[in-house]
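Data block below; observations after.
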């Protein structure tokens with residue numbers, strides 16, 4: 001099921017925490033995206049702001065094939081918004097969390113535009129040469 005979803009995608013976003021176990025777990029998803037010929041980028045999630053472990057995770061994820069920037073830091077406003085079924089952009093639009101999420105969306109959008117401009121295009125769920 002996951003492989004079918006990946007194959008139907010234009011871009012796979014692979015979320016990862018900063019721990020060694022989190023970083024090990026993302027390898028299989030990245031490998032599936034590679035086998036399907038679909039580009040992927042990592043998103044560092046729940047990162048503790050300015051922590052050594054988050055800094056190390058940034059380096060590891062960049063080496064493994066690309067990291068969308070900025071990371072999503074562990075913030076109370078994100079958890080509170082999720083508990084209400086909303087996002088920090090909706091509940092606290094001027095917060096640091098909202099700024100991070102907006103910047104991350106711009107990075108995703110830019111990456112999607114790069115993919116769209118690349119040598120492969122998607123027609124009816126299939127990847128074909130342009």
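Go through the residues of the range 91-112 one by one and say whether even a single one is outside any helix (DSSP H, G or I), under 30 Å from residue 4 (Cβ atoms) and modelled with pLDDT under 95.
Checked the range 91-112: no residue is outside any helix (DSSP H, G or I), under 30 Å from residue 4 (Cβ atoms) and modelled with pLDDT under 95.
Determine whether residue 125 is loosely packed, with under 13 Cβ neighbours inside 10 Å, in contact with a helix residue (DSSP H, G or I) (Cβ under 9 Å, 6 or more places away or on another chain) and modelled with pLDDT under 95.
yes
Going by what's in this entry, would residue 50 be described as surrounded by fewer than 13 Cβ atoms within 10 Å (Cβ to Cβ) and in a helix (DSSP H, G or I)?
Details: surrounded by fewer than 13 Cβ atoms within 10 Å (Cβ to Cβ): yes; in a helix (DSSP H, G or I): no.
No.
Kindly establish whether residue 30 is touching a strand residue (DSSP E or B) at 6+ places or on another chain (Cβ under 8 Å), part of a helix (DSSP H, G or I) and under 23 Å from residue 116 (Cβ atoms).
So residue 30 fits the description; yes.
Is the range 64-85 home to any residue that is in a helix (DSSP H, G or I) and closer than 30 Å to residue 117 by Cβ?
no
Could we say that residue 25 is closer than 22 Å to residue 113 by Cα, part of a helix (DSSP H, G or I) and modelled with pLDDT under 95 here? Walk me through how you get there before you give the answer.
Working: closer than 22 Å to residue 113 by Cα: no; part of a helix (DSSP H, G or I): yes; modelled with pLDDT under 95: yes.
No: the conditions fail for residue 25.
The values are calculated or read from the model by the stated rules, or taken from the named source; none is laboratory data. Please read these numbers as outputs of a predicted model, since none were measured by experiment. All Cβ positions, glycine included, derive from the backbone under ideal geometry; neighbour counts span all protein chains shown.
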